[in-house]
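Scroll down for the structure; my scribbles are underneath it.
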Amino acid sequence: MNILVINCGSSSLKYRLIDIEKEHRLAKGLVERIGIEGSRIKHETTGKEEIKIEEPIEDHTKALELVLESIVHPEYGAVKSLDEIQAVGHRVVHGGEAFADSVIIDDDVMQALRDNIEIAPLHNPPNIMGIEACKKLMPDTKMVGVFDTAFHQTIPPVNYIYPIPYKYYEEHKIRVYGFHGTSHKYVTLRAAELLNKPVDEVNLITCHLGNGSSITAVKGGKSFDTSMGFTPLAGPLMGTRCGDIDPAIVTYLMDKENLTTSEINNILNKDSGALGVSGISSDFRDLENAATDGDERAQLALDIFERRVAKYIASYYGQLDHVDAIVFTAGVGENSEWNRRSIIEILGSLGLKIDHEKNKVRAKEELISAEDSSVKIFVIPTNEELMIAKETYELTK
Ligand code: ADP
């Protein structure tokens, strides 16, 4: 059974075609600059050369038309006809409180997604556009929505209610939702396999560290607490996002600099974090290089990142009655020997120890803790697309 996985942003569409029984990727690609000058598609069928087409792509329907043409193209395609795609799995960022699991997309689900636009104005509209384009072009194919927030719907009220007047939860749904759920779920299932334990018996601290970062306490295989909150702005320092700050800074800065809400939003989402502190880059490779060359603010940005990730790990470690493993995943977590080492060294008093040789690993599953570490530490490359394909398969097979 072949599953098409679609991940739509406001001006981009990423896709993967996966043979789910073999867990084998048949094709992948990316449409960029949808609705903007210079739009293009990059498509690669596994085992064939990547092709690039530049042409005007005015909207998501046109983008998806090009994707489907590429997938069935006689020369560079992956399958002969669209009949060979049995289902489509859509990544949806915000399921709100309506979705604790993936769902088959029907009219009620579409309405619930529209209702959630208010709390996810940047993310849900492009996700909806992607689903609508698919419905138009593949009207008879089953579609599934897989939500970034779903895995975190098991978080108890004590961890999801903010200490502000309760009526704002009731009236405006202000609460912790948590994000990167598909990734935290994927590494949780993999960690349980690697630990050789039933998933509902594992306690983990999963660290998805990339441009955006979130850390999750997993208790009995379920999300118990997570660092992202009402939006993906909360948590440790990130590439360009501030993470946790004193909320009074927001109003103080707005007054001092005469800022509008959208200006302060931009500062906290796009000009802050590692970029804001270092003044150099949001990319952790650039920061590591600059810090190696003696740049003090790049070093400071890395120090803040590591300490804030460590604070979350320590807090979750203290709250879980035992921890089977700490897991590092995503761009920084999978690749950065430097950051993993520094984070674990901060936590030395908990008995955590890294094996420096094994910690050299990049983008490969590896147990990187020393034999006498109090807790096992794994690198597990995330695979959100495979997770989406698996959930889609389960609901449609
Ligand atoms: P996104 O949140 O956009 O999905 P990724 O998970 O792809 O992000 O992570 C991107 C981040 O991973 C970038 O900051 C990049 O610098 C970092 N990264 C990738 N490879 C390395 C590496 N070898 N060393 C340090 N950081 C790395």
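More than 27 Å from Ala325 (Cβ to Cβ) and outside any loop (DSSP other than H, G, I, E, B): which single residue out of Ile267, Ile205 fits that description?
On the way: Ile205 fails: more than 27 Å from Ala325 (Cβ to Cβ).
From the options Ile267, Ile205, the qualifying one is Ile267.
Taking only region 211-222 into account, find how many residues are more than 14 Å from the ligand (Cβ to nearest atom), within 23 Å of Gly96 (Cβ to Cβ) and part of a loop (DSSP other than H, G, I, E, B).
1
Taking interchain pairs and intrachain pairs at least six residues apart, which have beta carbon atoms under 6 angstrom, with the first residue in region 192-214 and within 25 Å of Asp286 (Cα to Cα) and the second of a type in the set (Gly, Ala, Ser) and not in a loop (DSSP other than H, G, I, E, B)?
Hits for this filter: Cys207/Gly333; His208/Ser183; His208/Ser214; His208/Ala330; Leu209/Ala330; Leu209/Gly333; Gly210/Ala330; Gly210/Gly331.
What do you reckon, is Ala363 within 16 Å of the ligand (Cβ to nearest atom), among the small types (Gly, Ala, Ser) and farther than 17 Å from Leu17 by Cα?
Spelling it out, Ala363 is indeed within 16 Å of the ligand (Cβ to nearest atom), among the small types (Gly, Ala, Ser) and farther than 17 Å from Leu17 by Cα.
Determine, yes or no, whether Asp295 is buried (at least 17 other Cβ atoms within 10 Å of the Cβ), more than 13 Å from the ligand (Cβ to nearest atom) and either under 25 Å from Val250 (Cβ atoms) or more than 20 Å from the chain's Cα centre (by Cα) (or both).
Judged against the criteria, Asp295 is a match.
Quick one: which of Asp225, Asp200 is closer than 19 Å to Tyr316 by Cβ, away from the ligand (no atom under 16 Å from the Cβ) and in a helix (DSSP H, G or I)? Give the steps one after another, and end with the answer.
On the way: Asp225 fails: in a helix (DSSP H, G or I).
Answer to the check: Asp200.
Which one of these is hydroxyl-bearing (Ser, Thr, Tyr), in a helix (DSSP H, G or I) and within 16 Å of the ligand (Cβ to nearest atom): Tyr186, Tyr252?
Of the residues listed, the single one that is hydroxyl-bearing (Ser, Thr, Tyr), in a helix (DSSP H, G or I) and within 16 Å of the ligand (Cβ to nearest atom) is Tyr186.
Could you check region 21-46 and list, in sequence order, the residues that are crowded, with 19+ Cβ neighbours inside 10 Å and either aliphatic (A, V, I, L, M) or within 15 Å of Gln86 (Cβ to Cβ) (or both)?
Within region 21-46, Leu26, Ala27, Val31, Ile34, Ile41 qualify.
Tally the residues that are surrounded by fewer than 19 Cβ atoms within 10 Å (Cβ to Cβ) and either among the hydroxyl-bearing types (Ser, Thr, Tyr) or in contact (Cβ under 8 Å) with a residue 60 or more places away in the chain (or both), restricting the search to region 102-125.
3
Could you tell me whether region 7-20 includes any residue that is part of a helix (DSSP H, G or I) and surrounded by 15 or more Cβ atoms within 10 Å (Cβ to Cβ)?
Kept after step one, since they are part of a helix (DSSP H, G or I), are these residues of region 7-20: none.
Within region 7-20, none of the residues are part of a helix (DSSP H, G or I) and surrounded by 15 or more Cβ atoms within 10 Å (Cβ to Cβ).
Which ones in region 21-39 are under 19 Å from Glu69 (Cβ atoms), hydrophobic (A, V, I, L, M, F, W, C) and in a loop (DSSP other than H, G, I, E, B)?
Residue satisfying the conditions is Ile34 alone.
So in region 234-249, with the set limited to residues that are touching a Leu at 6+ places or on another chain (Cβ under 6 Å) and within 13 Å of the ligand (Cβ to nearest atom), which one is nearest to Ser281 (Cα to Cα)?
Among them, the one singled out is Thr240.
Is it true that some residue in region 321-331 is without any contact (Cβ under 8 Å) to a residue 60 or more places away in the chain and either part of a loop (DSSP other than H, G, I, E, B) or within 16 Å of the ligand (Cβ to nearest atom) (or both)?
There is no residue in region 321-331 that is without any contact (Cβ under 8 Å) to a residue 60 or more places away in the chain and either part of a loop (DSSP other than H, G, I, E, B) or within 16 Å of the ligand (Cβ to nearest atom) (or both).
For every residue, the table says whether it meets (1) in a strand (DSSP E or B); (2) within 15 Å of the ligand (Cβ to nearest atom); (3) touching a residue at least 60 places away in the same chain (Cβ under 8 Å).
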| residue | (1), (2), (3) |
| --- | --- |
| Ser282 | no, yes, yes |
| Ala290 | no, yes, no |
| Leu300 | no, no, no |
| Phe305 | no, yes, yes |
| Ala314 | no, no, no |
| Tyr317 | no, no, yes |
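Of everything in region 234-274, what is charged (D, E, K, R) and buried (at least 21 other Cβ atoms within 10 Å of the Cβ)? Give them in sequence order.
Arg241
Of the residues Ser223, Ser183, Ser227, only one is out of contact with any Asp or Glu (no Cβ under 7 Å at 6 or more places or on another chain), over 19 Å from Ile119 (Cα atoms) and not aromatic (Phe, Trp, Tyr); which? If you could, list the steps in order and put the result at the bottom.
Values: Ser183 fails: out of contact with any Asp or Glu (no Cβ under 7 Å at 6 or more places or on another chain); Ser227 fails: over 19 Å from Ile119 (Cα atoms).
Exactly one residue qualifies, and that residue is Ser223.
Readers should treat all values here as calculations from the given coordinates under stated rules, not as data from a laboratory. Not measured: the values here are computed from a predicted model. Cβ: placed from backbone, ideal geometry, glycine included. Neighbour counts: every protein chain shown.
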